[in-house]
Amino acid sequence: MELNVLGQTAQASSGGGCSSGGCGSSGDQFAHLPEAIRDKVKNHPCYSEEAHHYYARMHVAVAPACNIQCHYCNRKYDCANESRPGVVSELLTPDQAVKKVMAVAATIPQMTVLGIAGPGDPLANPERTLETFRQLSDKAPDIKLCVSTNGLALPEQVEALSRHNIDHVTITINCVDPDVGAKIYPWIFWNNRRIKGRKAAKILIDQQQKGLEMLVAKGILVKVNSVMIPGVNDEHLKEVSRIVKAKGAFLHNVMPLIAEAEHGTFFGVMGQRGPTHGELQALQDACAGDMNMMRHCRQCRADAVGLLGEDRGAEFTLDKIDGMEIDYAAAMRKRADVHAAIEANREAQRLQADEIQVPLTALQGVRETRPVLMAVATSGGGVVNQHFGHVREFLVYEASLHDVRFIGHRKVDMYCSGGDSCGDAETSLQRTIRTLEGCEAVLCSRIGYEPWGLLEEAGIQPNGEHALEPIEQAVAAVYREMAEAGRLDAPAPCVSRASA
Ligand code: SF4
């Protein structure tokens, strides 16, 4: 079977890739940036929304220890289906991690980025983290190396990170005010002592800000992650965004709190709620200004493998990679060919980008219409290419008279996995429809009779007419159809955008 640049069959991917410059902006998302920075981010699935349709990432879990406690974190719990930071199935030594990375890179040539993100704090385990990076920069120079940290130990490691060719660093910064921080961090471990409360938060904040400034001075790209905790730091995060942007952070990623009692976290047990989709979007929009916002983060496990939103970690367990023979020189040649094919495809799609605007500009000046949220079923490649019943996460786009922009994703249980699970179908389907609240249309390659009817009853229009079309183009076309049918002249029917 012939595979294309995404490892998909030709049939599954025909129609090309994402034809806009990145999930909501026409043209090249980073066209305004200097060439050197564009080169750093163009195939990084976390730093570029467009790239996340094409390129994969992986994390290796080499860093067990942590030097702070967060009220939203518990690293002890794992379930195969759980995706949240700090969760892992197998802790690796640096040697094992390097072998795993090379095995994944040889098998999934779209994998461009290796990150160390836990399960503890990578910089609280500097020997293990740096040894992994040292070996990889030597043996697999075509892989970008990234690290995520809470920032407490960052300033003293900036020099070492720079020496090991780390050019992307993520710092989790949830506050710049120690009074807010004291509600999130019960303690830190600092200079061989446990420090609590406001004093602990102040030390952490000072170290994060110092580390940020040092990284920027070194020319290392910094992404700031912030966990949105309603009633604790939600209003405050606008100030965080303003400050980190002023200090030179490249990207701000505001993520929703994940808090369930069964995770055993303080916030989970205490019933602290996470934000609604609408609250998260409103805060991301408020933070945006002219700062780059990341809206496609999947809050991955510390051992995630694959395209964002998928996890192929089970294919690369230690017992499986032990038996793999890896010719990395050959793998690098194949990877270079695949990357060149992806870039050629992206360039061709970019040249067609103006077509995306046609369905919208045709409406401008003709009528006033409101924005609409639409859910899209895709398995990658920037096209509408998934059966409604096979979706594990929908991408959500907002279409308006002016543009189509990526808003976020919604995870769902797969409605139909065939065989024995079909008895659960109705329950899963009802849950999926609830998850799509706020969306007025759902675009997929195919959909069954039963979900079609239930979606319509819920005020969500199913649409299978744009299979294999580039996502933004398909969303724009459906928006135009809705406008021309007069469905966008009145407020949204029975779906509450406030909760979307
Ligand atoms: S957690 Fe977010 S930033 Fe990190 S690899 Fe996953 S998608 Fe990228």
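The values are calculated or read from the model by the stated rules, or taken from the named source; none is laboratory data. None of the values given here were measured: they were computed from a predicted structure. Glycine also receives a Cβ, built like all others from the backbone with ideal geometry; neighbour counts cover every protein chain displayed. Surface areas here come from the heavy atoms of the whole protein model, side chains and all, with no ligands, DNA or RNA. Shrake-Rupley method; radii C 1.70, N 1.55, O 1.52, S 1.80 Å.
Rg and Dmax of segment 201-271, based on Cα coordinates, read 14.3, 42 Å.
How high is the relative contact order of segment 115-239, in percent, with contacts defined as C-alpha pairs under 8 Å that are six or more residues apart?
On the way: 180 pairs, mean separation 32.6, N = 125.
Relative contact order comes out at 26 percent.
Over segment 179-338, what percent of the accessible surface lies on carbon and sulfur atoms, probe 1.4 Å?
Values: 3730 of 7220 Å².
Carbon and sulfur atoms account for 52 percent of the accessible area of segment 179-338.
Packing, as the average of other Cβ atoms within 10 Å across residues, places the peptides 249-255, 400-406 in the order 249-255, 400-406, highest first. Here the peptides 292-301, 272-281, 444-453 are ranked by packing, the mean other Cβ count within 10 Å, and the order with the highest first is 292-301, 272-281, 444-453. Rounded to the nearest 20 debye, the dipole size of segment 196-304 about its Cα centre is 460 debye, using +1 on the Cβ of Lys and Arg and -1 on the Cβ of Asp and Glu. Length available on full extension from LEU318 to SER137: 0.36 nm per residue minus the Cα-Cα distance, which gives 63.0 nm.
List, in the order given, every pair from LYS40/LYS245; LYS202/LYS223; LYS139/LYS334; LYS196/LYS411; LYS42/LYS334 whose Cα-Cα distance in the structure shown is over 26 Å.
Details: LYS40/LYS245 19 Å; LYS202/LYS223 21 Å; LYS139/LYS334 16 Å; LYS196/LYS411 36 Å; LYS42/LYS334 19 Å.
Listed pairs above 26 Å: LYS196/LYS411.
For segment 396-403, 3J(HN,Hα) computed residue by residue from phi via the Karplus equation (6.51, -1.76, 1.60; θ = phi - 60°) reads 10, 10, 10, 9, 9, 5, 9, 6 Hz, glycine and proline entered as x. For ASP177 and ILE37, the FRET efficiency from 1/(1 + (r/R0)^6), where r spans their Cβ atoms and R0 equals 45 Å, is about 0.90. A 1.4 Å probe run over segment 194-245, with the rest of the protein chains in place, finds 41 Å² accessible per residue. Database remark: amide H of VAL254 closer than 5 angstrom to the amide H of SER226, MET294 (H placed geometrically; neighbours at sequence offset of 5 or more, or on other chains; Pro and chain starts carry no H). Annotation: amide H-H contacts under 5 Å for ARG446 (H modelled 1.01 Å from N, sequence separation of 5 or more, or interchain): HIS387, PHE388. Relative protection proxy for 119-129, 56-66, from highest mean packing down: 56-66, 119-129 (other beta-carbon atoms within 10 angstrom).
Near CYS66, the amide H atoms lying under 5 Å from its own belong to ASP121; only residues 5 or more places off or on other chains count, and H is placed 1.01 Å from N.
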